[in-house]
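Encoded as structure tokens, the structure appears first; notes follow it.
The values are calculated or read from the model by the stated rules, or taken from the named source; none is laboratory data. Everything numeric here is computed off the predicted structure, so don't read it as measured data. Cβ placement follows ideal geometry from the backbone for every residue including glycine, while neighbour counts extend to all protein chains displayed.
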Amino acid sequence: MPVSTLAADRPVCDELEVLGRDVQVPLAAGGEIGYAALDYAASAPALQRVWDDVAAYAPYYGSVHRGAGYLSQLSTDLFENARTTVAGFLGCRDDDQVIFTRSTTDSLNLLAAALPPATRVFVFETEHHAALLPWEQRDGIDVTYLDAPRTPRQAVDTLEKALAARAPYGPALVCVTGASNVTGEIWPVQELAAAAHAHGARIVLDAAQLAPHRPVDLAGLDVDWVAFSGHKLYAPFGSGVLAGRADWLREADPYLAGGGASRTVTRRPDGGVDVAWHTTAARHEAGSPNVIGAYAIASACRALTDAGFDTVVAREQELIARVRNGLADIPGVRVLSLFGDDADRVGVLSFVVDGWNSSRLAAALSTEYGIGVRDGLFCAHPLVRALLGGAPDEPAECGSPVLAPAAGGSELGAVRVSFGAGTPDEHVDRFVRAVRELVAAGAR
């Protein structure tokens, strides 16, 4: 079965259809209701197109790079074509590598393992833990954590001052998000990349929240690497991507040692083994690759490209305005923001409600209205604490942080609503109505 048949052309549609639109969930008061999936920032539902493509390929599944049989050759072709598709989707340069990983977290840990000795890493405290934590796990890597900026210009100025002050001069890496997983605000990536390069540093873009909502052009943004996850890009099959410059990756030890990463292995006279590793992306893809995950990502990339990001962005801006305008009319609701109300943002908003514990509000939205949202610190503890204005007494990943008395004394927490391709008006309208009713009358 030729690859072109598996990835058959489909007409461009105005709205990208996702799975789960007809799922019914039980309500605490009895009965069922159609599930409103508003937790895209954690894991987006699969596109119907991705599901169809994977289902069409599944009977032809075979080993990748490891067989002479037809299905193995087909799977290998599919896997490598997926790499080419992703490279085009990201605007990769001719000499960039595209490495398939498990997730954004895996991608950034892979890059951390490939850093040259004594690299200085600069990262804002506002990052998701996937971008905040990998660097200190490496011996000899010095990490500078930058305070949360309150404007895009301040972010650039803060980075420039930190880079100018670094000593001794040596390899440096800046890690920055494209869009916040807490506020949805878009960061000035191109300006940060220019600042990094002006001071002899490289930059990696965490595009986990950006890639599903806006075009990511690696060359146009002038970033050195980009990382994202399939499960946020409507392709939830356990795969991710690290794409960008090849030199540090080619010179580093393989991320995993094993088959696929090794080109030749020979015994030495002393009984040991000598290994020659691949210098291509295979160097960091040891083991049998996740061809389903890679193909699903490529399918999602094609679907978003065919639909057109102009269409995606326009639709999403309608939904953002719908949610923000609705929440603005509810007493006691405060939407969290670093850059202010006028900041450009994707479909991710977090908010607090006076007197409400975030876990209780999220549970009520689920059990009384069939709405799925996220509550807690969103794997971005320093950022959420900064936005809430105080430190929780007891750190917790899920559930409301309780603010210290100096910060207000009452129980406050963060609830996150997120959406994207395929989200119907009814879901966001139900969400706004539910918050309004819960604030006015309480949970039943």
Conditions (1) touching a Leu at 6+ places or on another chain (Cβ under 6 Å); (2) surrounded by 24 or more Cβ atoms within 10 Å (Cβ to Cβ); (3) without any contact (Cβ under 8 Å) to a residue 60 or more places away in the chain: number failed by V174: (1)
Residue within the range 349-363 that is at pLDDT 90 or above, outside any helix (DSSP H, G or I), surrounded by 19 or more Cβ atoms within 10 Å (Cβ to Cβ) and among the β-branched types (V, I, T) present: yes
Among the candidates Y35, Y60, Y70, residue that is among the aromatic types (F, W, Y) and under 30 Å from D425 (Cα atoms): Y35
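In the range 413-430, which residues are crowded, with 20+ Cβ neighbours inside 10 Å and over 25 Å from A235 (Cβ atoms)? Spell out how you get there, then give the answer.
Quick first cut of the range 413-430, residues crowded, with 20+ Cβ neighbours inside 10 Å only: 413-423, 427-428.
G413, A414, V415, listed by residue number.
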Among (1) surrounded by 17 or more Cβ atoms within 10 Å (Cβ to Cβ); (2) within 29 Å of A298 (Cα to Cα); (3) in contact (Cβ under 8 Å) with a residue 12 or more places away in the chain - the single one R93 does not satisfy: (1)
Test: residue in the range 74-82 that is modelled with pLDDT of 95 or more, in contact with a strand residue (DSSP E or B) (Cβ under 9 Å, 6 or more places away or on another chain) and surrounded by 14 or more Cβ atoms within 10 Å (Cβ to Cβ): yes
Looking only at the range 146-171, and only at residues there that are in contact (Cβ under 8 Å) with a residue 60 or more places away in the chain and not small (G, A, S), the one that is nearest to D224 (Cα to Cα): P152
Failed criterion for L132 (all others in (1) aliphatic (A, V, I, L, M); (2) in contact with a strand residue (DSSP E or B) (Cβ under 9 Å, 6 or more places away or on another chain); (3) at pLDDT 95 or above hold): (3)
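Within the range 323-341, can you find the residues that are in a helix (DSSP H, G or I) and either buried (at least 17 other Cβ atoms within 10 Å of the Cβ) or in contact with a His (Cβ under 9 Å, 6 or more places away or on another chain) (or both)?
Here is the first cut: in the range 323-341, the residues in a helix (DSSP H, G or I) are 323-328.
Correct list: V323, G326, L327.
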Residue check, D222 surrounded by fewer than 20 Cβ atoms within 10 Å (Cβ to Cβ), modelled with pLDDT of 95 or more and closer than 16 Å to L159 by Cβ: yes
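Restricting to the range 46-65, name every residue that is in contact with a Pro (Cβ under 6 Å, 6 or more places away or on another chain) and at pLDDT 95 or above.
A46
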Residues located in the range 197-242, provided they are among the β-branched types (V, I, T) and free of Cβ contacts under 8 Å to residues at least 40 places away in the same chain: I203, V223
Where a residue in the range 111-135 is on the phi > 0 side of the Ramachandran plot and its partner, wherever it lies, is among the acidic types (D, E), with Cβ under 9 Å and at least six apart: A118/D142
Flag if S43 is surrounded by fewer than 22 Cβ atoms within 10 Å (Cβ to Cβ), of a type in the set (S, T, Y), part of a loop (DSSP other than H, G, I, E, B) and at pLDDT below 95: no
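Looking only at strands (runs of 3 or more DSSP E) that lie completely in the range 195-272, which have at least 1 residues being within 30 Å of A44 (Cα to Cα) and in contact with a strand residue (DSSP E or B) (Cβ under 9 Å, 6 or more places away or on another chain)? Walk me through it before giving the result.
Working: elements: 202-206, 225-229, 240-244, 262-267.
By residue number, 202-206, 225-229, 240-244.
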A303 vs. criteria assigned to a helix (DSSP H, G or I), among the hydrophobic types (A, V, I, L, M, F, W, C) and within 27 Å of the chain's Cα centre (by Cα): yes
The range 228-266, subset surrounded by fewer than 17 Cβ atoms within 10 Å (Cβ to Cβ) and among the hydroxyl-bearing types (S, T, Y), residue farthest from R21 (Cα to Cα): T266
Selected residue (only one of E426, E368 is out of contact with any strand residue (DSSP E or B) (no Cβ under 6 Å at 6 or more places or on another chain), over 19 Å from L319 (Cα atoms), modelled with pLDDT of 95 or more and not β-branched (V, I, T)): E368
